[in-house]
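A.B. asks: First the structure, then my questions, so here it is.
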Amino acid sequence: MPTYEALPRFIADLNRLTPEQRRRFLRTVPIFVEDLREGRFRAGLRVKRVRGTSGIYEISWSMGAGPPGRATWAYGPERHPGTPHVIWRRIGTHDILSGP
């Protein structure tokens, strides 16, 4: 099982989300974790590196219906050999990309 941590800014962002935005993120996380384990992300998660950064990625959801959402993250040092470690950095809308 991948490990994770959340930066204080991520927690502050998370607390500002609407209940519906939070629900959509929580529905996306198990799919993200499954793909992390398999070492390959499905196209529907829209995982890509944040332009102009080194090692920061974004995942997005609800681009068509419902409130749009994005989260930025980076790989951290493995806590268990062979197991990915994710550092959640920001969560919200497109605006988070100005300070991922």
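A.B. asks: Most mobile of Arg79, Arg46, Arg22 per a Gaussian network model of the chain (Cα springs, under 10 Å)?
C.D. replies: Ranking Arg79, Arg46, Arg22 by mean-square fluctuation puts Arg79 first.
A.B. asks: Just to confirm, what accessible area per residue do you get for the chain at 1.4 Å probe, in whole Å²?
C.D. replies: On a per-residue basis, 61 Å².
A.B. asks: Would you work out the charge dipole size for the chain about its Cα centre, treating the Cβ of every Lys and Arg as +1 and the Cβ of every Asp and Glu as -1, and quote it to the nearest 20 debye?
C.D. replies: Computed charge dipole of the chain: roughly 200 debye.
A.B. asks: Please report the accessible area of Ser54 (heavy atoms, 1.4 Å probe, ligands and nucleic acids excluded) in Å², nearest 10.
C.D. replies: Counting only protein heavy atoms, Ser54 exposes about 110 Å² to solvent.
A.B. asks: Order His80, His85, most accessible first, counting only protein heavy atoms with a 1.4 angstrom probe. Could the numbers behind the result be given before it?
C.D. replies: Values: His80 100, His85 0 Å².
The most accessible residue leads, giving His80, His85.
A.B. asks: Thr18: accessible area at probe 1.4 Å, nearest 10 Å²?
C.D. replies: 60 Å²
A.B. asks: At 7 Å along the Cα-to-beta-carbon direction for both Glu34 and Leu7, put a label point, then send me their distance in nm to one decimal.
C.D. replies: Calculated label separation equals 2.9 nm.
A.B. asks: For the range 1-41, what is the charge dipole size about the Cα centre, in debye to the nearest 20, if Lys and Arg each add +1 at the Cβ and Asp and Glu each add -1 at the Cβ?
C.D. replies: 180 debye
The values are calculated or read from the model by the stated rules, or taken from the named source; none is laboratory data. Predicted model only: the values in this text are computed from it and were never measured. Here Cβ is always computed from backbone atoms with ideal geometry, including for glycine, and neighbour counts include all displayed protein chains. In case anyone asks, the SASA skips ligands and DNA or RNA and just uses the protein heavy atoms, side chains included. Shrake-Rupley method; radii C 1.70, N 1.55, O 1.52, S 1.80 Å.
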